[in-house]
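Down below is the structure, laid out as structure tokens.
The values are calculated or read from the model by the stated rules, or taken from the named source; none is laboratory data. Because the structure is predicted, anything quoted here is derived from the model rather than measured. Here the Cβ is made from the backbone with ideal geometry for all residues, glycine too, and neighbour counts use every protein chain on show.
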Amino acid sequence: MQKGVVRKRPPGQISEYGRQLATKQELRNEYLLRERKFKQYVQGVLKEKNKEGDKAELLLRKLEMRLDNAVFRMGFSPTRAGARQLVSHGHIFVNGGRTDVPSLEIKPGDVISIKPTSAKNVFFKNLPLNIKSYTAPSWILLDKEKLEGTIKTVPGASEVILQVDLPLVFEFYSR
């Protein structure tokens, strides 16, 4: 350190900007999103005029209602990355039609299932055994026999367990 330079904070103490950045990165990485897409979600929530809920809850809803996240929450894949790959490779049906768009926004009433020909795939062979002890979130009605799930409602903030302080994410993008 140069002579005469005084630190603004003690060593090891993170700045407010650093906290906001770290929080944003943690949430973005949790949902496996690239910066551009995550920024679109946050800015879309910030621009929304309706008072349907607070901004943090609206952002969580948008992130949770992605198809790849729903496939993960149904227990079809042990990771979000695996769920994203299942969707991208066309192994997932939404309302009886094939889709390969992981960011597809699902709605209450949508039925998500595994493509019938893919069910014979090696990856899905042990799925009925693995899913037997799995408990899906309350906003998903999971039929473990048919290997399909129905979205009952939009998840609330209380149903999503996150370790991040969401207001810091909005502060970061409000600069």
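Remarks
- Among the residues of the stretch 120-139, those that are farther than 15 Å from SER77 by Cα and either among the acidic types (Asp, Glu) or in contact with a helix residue (DSSP H, G or I) (Cβ under 8 Å, 6 or more places away or on another chain) (or both) comprise SER138, TRP139.
- LYS24 being touching a helix residue (DSSP H, G or I) at 6+ places or on another chain (Cβ under 6 Å), closer than 22 Å to LYS152 by Cβ and of a type in the set (D, E, K, R): no
- Pick from the stretch 143-170, criterion modelled with pLDDT of 90 or more and out of contact with any Lys or Arg (no Cβ under 9 Å at 6 or more places or on another chain), ranking: surrounded by the most Cβ atoms within 10 Å (Cβ to Cβ): LEU147
- Only one of ILE151, ILE161 that is free of Cβ contacts under 8 Å to residues at least 60 places away in the same chain and either aliphatic (A, V, I, L, M) or farther than 30 Å from TYR17 by Cβ (or both): ILE161
- On the stretch given as the stretch 27-46, residues that are closer than 18 Å to ARG84 by Cβ and in a helix (DSSP H, G or I) total 10.
- You will find that of PHE76, PHE93, the residue that is under 23 Å from ASN29 (Cα atoms), touching a strand residue (DSSP E or B) at 6+ places or on another chain (Cβ under 8 Å) and aromatic (Phe, Trp, Tyr) is PHE76 and no other.
Results for (1) touching a Gly at 6+ places or on another chain (Cβ under 6 Å); (2) loosely packed, with under 14 Cβ neighbours inside 10 Å; (3) assigned to a helix (DSSP H, G or I), shown as yes or no for each residue.
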position	(1), (2), (3)
PHE72	no, no, yes
PHE76	no, no, no
ALA81	no, yes, yes
ARG84	no, no, yes
VAL101	no, yes, no
LYS107	no, yes, no
ALA119	no, no, yes
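- Listed by first and then second residue, the pairs with beta-carbon distance under 8 Å, at least 6 apart or on different chains, first residue in the stretch 3-26 and among the basic types (Lys, Arg), second surrounded by 10 or more Cβ atoms within 10 Å (Cβ to Cβ) and in a helix (DSSP H, G or I), are ARG19/LEU168; LYS24/PHE38; LYS24/LEU168; LYS24/VAL169; LYS24/PHE172; LYS24/TYR173.
- Of the residues making up the stretch 2-34, those that are on the phi < 0 side of the Ramachandran plot and within 14 Å of the chain's Cα centre (by Cα) are LYS24, GLN25, GLU26, LEU27, ARG28, ASN29, GLU30, TYR31, LEU33, ARG34.
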